[in-house]
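Student: The structure follows.
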Amino acid sequence: MSALRFDDVTIRLGGRDILSTASFIVEDREFIGMLGANGAGKTTLMRAALGLTPVASGAISVLDQPVTRGHSSIGYMPQNRGLALGLRLTGYDVVASAAIGARFGFARLDKAMRREIDWALDHVDARDLARRSLGELSGGERQRLLLSQALLGRPRLLLLDEPLISLDPAHQKGVVDIARRLRDELRVAIVFSAHELNPLVNAIDRVLYLGAGAAVIGPVDEVVTGPVLSRLYGAEIEVVRIKDRFFVMAGDVDVERDAHRHERGDHGHSHGE
Amino acid sequence: MFEYDFMRTAFAASGVAAILAGTVGFFLVLRGQTFAGHALSHVGFTGATGAVLFGLSPLGGLVGFTLVAGIAMGLFGEKLAERDVAIGMMLSLALGLGLLFLHFYTSAATQAAALLFGNVLGVDNSALLTLLLMAAASLAALAFIVRPLIFASLQAELAEARGVPLRFVSAAFLAIVAIATAECAQIVGVLLVFTLMVGPAAAAQNFSRRLAIGVALSAALALAEAWGGLTLAFYSDWPTSFWITALSGVVYFASIAARRLAA
């Protein structure tokens, strides 16, 4: 069984083909790092898998079933923005609001629901963090707490959109370690999008690289190479490898680093990605 | 002061409106849509003056107009409800139209003052019953949507992915806000709706980090401010609306101080 499967998928947004006849398969329990330039379609791909963005042609299946909106076997962690309003609230209340938030009719937060929330918090070591307000948490702690929400409903596939954004290297490593542990303990497949390969390179099974409407999946050694990336970026790309670190260079510019820096100062405008 | 019939009615009416405003206002502040709430009250002014001009009940016009405007804002999507300039324009346009209606209506002055600044002592028993029924219906509707509303307010993208109908929730909520606005306008007038809708809610969010406690506190503060204002007005003979705004301001700024001290 595959966790996520794209068959000749074309997604068109605002007259532009974000993906054109892209095909790839994410196997069950596989940890995939998803990379690509800004606007290459990382967020769009996740939203399409969630049934939120329509496909122009082709088919997407999740756990061998066609995509439906509100699919309970997908855990999703959107890119962290727009949470400024709830910063005063405790982490627990925020997670609880997600746990019960799809139900109309004044649903009660019953014992079973509380157990489920505690279970999700425990899996990311956030039970204690949840007592504090979001505004008091560091970036890394907040990401862990938000990550717990993706576990509610015990999904089989996790779609994590840029969990490393604006974290320092130590916290990046912490989040990646938790993701890897979740894959092993909960036996889920993970698609983890990022701007930079290096924080992920030792944790992931394969890499999914997006660019120029195409999606290429495979082992890091085969995908992150000059010829493949030149095609995806539509520019001459050179990959420099020093031990376990990769540097994706266009001329003398480090493409990934540059993209990351751009994103930091420009949070609100990545919606069309 | 309770020996007077009009005072008993005023206490009941302001109590009903305050509890509704405090509860609904909490979510308005949580969603960052306070300006939308403010604009709705101005639309209500147009509705009320228009209704008077055509010989209809001002409360009917107030409720009708705010309700339609609230639902429209919600349906246009989250984005519009947060767009300051568009809302600001709508707000002044509404006030301008209201002014035009008043211009055509001869006994304008007292009517205008009552609409703009409230006249809680003028609420009669049939109006009280209307307020009570509208508040009960609004709170029931709020309870029905409250879980998806909180989820959508805090994390819209995640809520959408989990199947929450964002647009429906947004429109339903602004319809509830519209009713609450109309009720408040009866007590403190359209210009001062903020004082009961936003003041207590913002203070409650400064005082508490828990959702449930925050909602209860917001309603309690609104009630205390409304009744406190009435009492002070009774003994001082100054306007009720003034006292309510004063109390609301004091409580809000105290909450900021308390938050600073706690941090």
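The values are calculated or read from the model by the stated rules, or taken from the named source; none is laboratory data. Predicted, not measured: the structure shown is a model, and the values here were computed from it. Neighbour counts run over all protein chains shown; Cβ positions are idealised from the backbone, glycine included.
Student: Scanning for something among the polar types (S, T, N, Q) and away from every other protein chain (no Cβ under 14 Å), does region A:66-85 turn up at least one residue? Step through it out loud before you land on a result.
Tutor: Taking region A:66-85 first, the residues among the polar types (S, T, N, Q) are A:68, A:72-73, A:79-80.
Among the residues that remain, those that are also away from every other protein chain (no Cβ under 14 Å) are: none.
Scanning region A:66-85 turns up no residue that is among the polar types (S, T, N, Q) and away from every other protein chain (no Cβ under 14 Å).
Student: To continue, here is another question. Residues in region B:200-212: is at least one surrounded by fewer than 24 Cβ atoms within 10 Å (Cβ to Cβ), touching a strand residue (DSSP E or B) at 6+ places or on another chain (Cβ under 8 Å) and at the interface with another protein chain (Cβ under 8 Å from one of its Cβ atoms)?
Tutor: Within region B:200-212, one or more residues are surrounded by fewer than 24 Cβ atoms within 10 Å (Cβ to Cβ), touching a strand residue (DSSP E or B) at 6+ places or on another chain (Cβ under 8 Å) and at the interface with another protein chain (Cβ under 8 Å from one of its Cβ atoms).
Student: Filter region B:230-242 for residues that are surrounded by 22 or more Cβ atoms within 10 Å (Cβ to Cβ) and either without any contact (Cβ under 8 Å) to a residue 40 or more places away in the chain or among the hydrophobic types (A, V, I, L, M, F, W, C) (or both) and give the result.
Tutor: B:Leu230
Student: If I go through region A:178-214 residue by residue, how many of them are in a strand (DSSP E or B) and either farther than 30 Å from A:Ala120 by Cβ or free of Cβ contacts under 8 Å to residues at least 12 places away in the same chain (or both)?
Tutor: Within region A:178-214, the subset in a strand (DSSP E or B) is A:189-193, A:206-211, A:214.
Imposing the further condition that a residue be either farther than 30 Å from A:Ala120 by Cβ or free of Cβ contacts under 8 Å to residues at least 12 places away in the same chain (or both) reduces the set to A:209, A:211, A:214.
Total meeting the criteria: 3.
Student: Only one of (1) more than 14 Å from chain A (Cβ to nearest Cβ); (2) modelled with pLDDT of 95 or more; (3) under 27 Å from B:Ala143 (Cβ atoms) is not met by B:Ile244, so which one is it?
Tutor: (2)
Student: Mind listing whichever residues of region A:200-219 are buried (at least 21 other Cβ atoms within 10 Å of the Cβ) and either of a type in the set (Lys, Arg) or over 19 Å from A:Thr44 (Cα atoms) (or both)?
Tutor: Listed by number, the residues that qualify are A:Leu200, A:Ile204.
Student: Go through (1) buried (at least 17 other Cβ atoms within 10 Å of the Cβ); (2) more than 9 Å from chain B (Cβ to nearest Cβ); (3) under 19 Å from the mean Cα position of the chain (by Cα); (4) touching a residue at least 24 places away in the same chain (Cβ under 8 Å) one by one and return the number of the condition A:Gly58 breaks.
Tutor: Of (1) buried (at least 17 other Cβ atoms within 10 Å of the Cβ); (2) more than 9 Å from chain B (Cβ to nearest Cβ); (3) under 19 Å from the mean Cα position of the chain (by Cα); (4) touching a residue at least 24 places away in the same chain (Cβ under 8 Å), only one is false for A:Gly58: (3).
Student: Within region A:126-140, count every residue that is away from chain B (no Cβ under 12 Å), within 17 Å of A:Met77 (Cβ to Cβ) and at pLDDT 90 or above.
Tutor: Qualifying residue count for the region: 2.
Student: Specify the residue that is nearest to the other protein chains (Cβ to nearest Cβ); the eligible residues are those in region A:94-114 that are in a loop (DSSP other than H, G, I, E, B) and under 12 Å from A:Gly153 (Cβ atoms). Walk me through how you get there before you give the answer.
Tutor: At the first step, the residues of region A:94-114 found to be in a loop (DSSP other than H, G, I, E, B) are A:101-110.
Filter once more, so that each one left must be under 12 Å from A:Gly153 (Cβ atoms): A:101-102.
Numbers: A:Gly101: 2, A:Ala102: 5 Å.
Among those residues, the one meeting the criterion is A:Gly101.
Student: Please work out which residue is nearest to B:Ala21 (Cα to Cα), limiting yourself to region B:50-63 and to residues that are in contact with a Phe, Trp or Tyr (Cβ under 9 Å, 6 or more places away or on another chain) and modelled with pLDDT of 85 or more.
Tutor: B:Leu62
Student: Next up: Could you check, for region B:137-160, whether at least one of its residues is crowded, with 21+ Cβ neighbours inside 10 Å and within 24 Å of B:Ala51 (Cα to Cα)?
Tutor: Taking every residue of region B:137-160 in turn, at least one turns out to be crowded, with 21+ Cβ neighbours inside 10 Å and within 24 Å of B:Ala51 (Cα to Cα).
Student: Identify all residues within region B:1-38 that are more than 15 Å from the chain's Cα centre (by Cα) and part of a helix (DSSP H, G or I); write none if there are none.
Tutor: B:Asp5, B:Phe6, B:Met7, B:Arg8, B:Thr9, B:Ala10, B:Phe11, B:Ala12
Student: Do we find a residue being without any contact (Cβ under 8 Å) to a residue 60 or more places away in the chain and either in contact with a His (Cβ under 6 Å, 6 or more places away or on another chain) or within 14 Å of another protein chain (Cβ to nearest Cβ) (or both) anywhere in region B:45-66? If you could, list the steps in order and put the result at the bottom.
Tutor: First, pick out the residues of region B:45-66 that are without any contact (Cβ under 8 Å) to a residue 60 or more places away in the chain: B:46-47, B:50-58, B:60-61, B:64-65.
So of that shortlist, the ones also either in contact with a His (Cβ under 6 Å, 6 or more places away or on another chain) or within 14 Å of another protein chain (Cβ to nearest Cβ) (or both) come out as none.
Within region B:45-66 (the criterion being without any contact (Cβ under 8 Å) to a residue 60 or more places away in the chain and either in contact with a His (Cβ under 6 Å, 6 or more places away or on another chain) or within 14 Å of another protein chain (Cβ to nearest Cβ) (or both)), the answer is no, since none of the residues qualifies.
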